[in-house]
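First up is the structure itself, then whatever we jot down about it.
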Amino acid sequence: MSLDPVIDEIAEVYRDVIGHYDPERSGVSVHVSFYPYVGINQTIRVRDGSVYVRIAEVCRDMPIDVHQALAHVLVAKLFRRRVPKRARELYAEYISSPQMRDRAAASRRDRGRKVITGTDGSFYDLEELFSDLNTKYFWGTLRKPKLTWSAKPTFRILGHFDSHHDTIVISRSLDSGDVPRYVIEYVMYHEMLHVFHPTVHHNGRRYNHTPEFRRDEERFEKFEEADIWIETNARKLKRNVKKGQSILRRIVR
Ligand SMILES: [Zn+2]
């Protein structure tokens, strides 16, 4: 319970939606808070049998039906169920409105002035790339690991998700005006999918790029263009990349 009737109303929505997926848990205790995330980011987690929901501060005045849609997006994810199409569309429509995009951008600018993250390159800002892609492809719900540029401009590995340190590392070689935004976005998106699809262990083997991973990868708007750009420019980036199989598959881990 809180003293904020809006928070109570939203918590009630979550209890209903949780009950919809799992009737036995409809009485679960739900804690909702608004959190000063950079941009639009929403999280749900379970701890000690209670559900904790953090909603981005920029979504404070979101209409209750959109909260309901977001609840479906988050709770379905929690239960590893398919997100209902209507909920996904309603929420996506709300966060992609010009007003919400402006707010998210303003929140990133404000934060950028206060915190030195080490993600702001000379050309691209990893924080901004992550936030935009999260909104566009993950309904703003992907949890954010640490983001960093590689110490050196590596050419063979353009991106890497280090699950041990929970860090996405993007090659400094991509922090350049010669690299189209969709290329670095593609590399970041690929690494974000590693956060979304954890490594599967099966018969003692590790599978990082499962069929589900590859299917989601193709949802990237400029998948083909990014693939072609990297194939074409990889030789410029690194002359001794071996010919033959798709270079992309080897340089984006
Ligand atoms: Zn990979």
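The values are calculated or read from the model by the stated rules, or taken from the named source; none is laboratory data. On a predicted model such as this, the values are computed, not experimentally measured, just so you know. Here Cβ is always computed from backbone atoms with ideal geometry, including for glycine, and neighbour counts include all displayed protein chains. Heads up: the accessible areas ignore ligands, DNA and RNA and are worked out on the full protein's heavy atoms, side chains in. Shrake-Rupley method; radii C 1.70, N 1.55, O 1.52, S 1.80 Å.
Here is how the numbers come out for the structure above:
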{"read-out": "Filter pass, residue 223 being modelled with pLDDT of 90 or more, among the hydrophobic types (A, V, I, L, M, F, W, C) and over 23 Å from residue 149 (Cβ atoms)", "value": "yes"}
{"read-out": "Residue 200 being within 17 Å of the chain's Cα centre (by Cα), farther than 19 Å from residue 233 by Cβ and not acidic (Asp, Glu)", "value": "no"}
{"read-out": "All positions within the stretch 150-178 that are in a strand (DSSP E or B) and farther than 14 Å from residue 133 by Cβ", "value": "160, 162, 167, 169"}
{"read-out": "Residue 124 vs. criteria under 22 Å from residue 226 (Cβ atoms), in the same structural domain as residue 216 (by TED's automatic domain parsing) and touching a Leu at 6+ places or on another chain (Cβ under 8 Å)", "value": "yes"}
{"read-out": "Subset of the stretch 34-82 (residues that are modelled with pLDDT of 85 or more, among the β-branched types (Val, Ile, Thr) and open to solvent by less than 40 Å² (accessible area, probe 1.4 Å))", "value": "43, 44, 51, 53, 55, 58, 66, 73, 75"}
{"read-out": "Matching residues, the stretch 155-178, being more than 15 Å from the ligand (Cβ to nearest atom), more than 16 Å from residue 120 (Cβ to Cβ) and touching a residue at least 12 places away in the same chain (Cβ under 8 Å)", "value": "155, 165, 166, 173"}
{"read-out": "Check on residue 139, at positive phi and surrounded by 19 or more Cβ atoms within 10 Å (Cβ to Cβ)", "value": "yes"}
{"read-out": "Residue list for the stretch 179-211, filter: outside any loop (DSSP other than H, G, I, E, B), touching a strand residue (DSSP E or B) at 6+ places or on another chain (Cβ under 9 Å), within 13 Å of the ligand (Cβ to nearest atom) and not β-branched (Val, Ile, Thr)", "value": "186, 188, 190, 191, 192, 193, 194, 206, 207"}
{"read-out": "Residue check for residue 133: within 16 Å of the ligand (Cβ to nearest atom) and closer than 28 Å to residue 15 by Cβ", "value": "no"}
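Conditions (1) closer than 23 Å to residue 7 by Cα; (2) over 17 Å from the mean Cα position of the chain (by Cα), marked per residue:
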| residue | (1), (2) |
| --- | --- |
| 65 | yes, yes |
| 70 | yes, no |
| 73 | yes, no |
| 76 | yes, no |
| 94 | yes, yes |
| 101 | no, no |
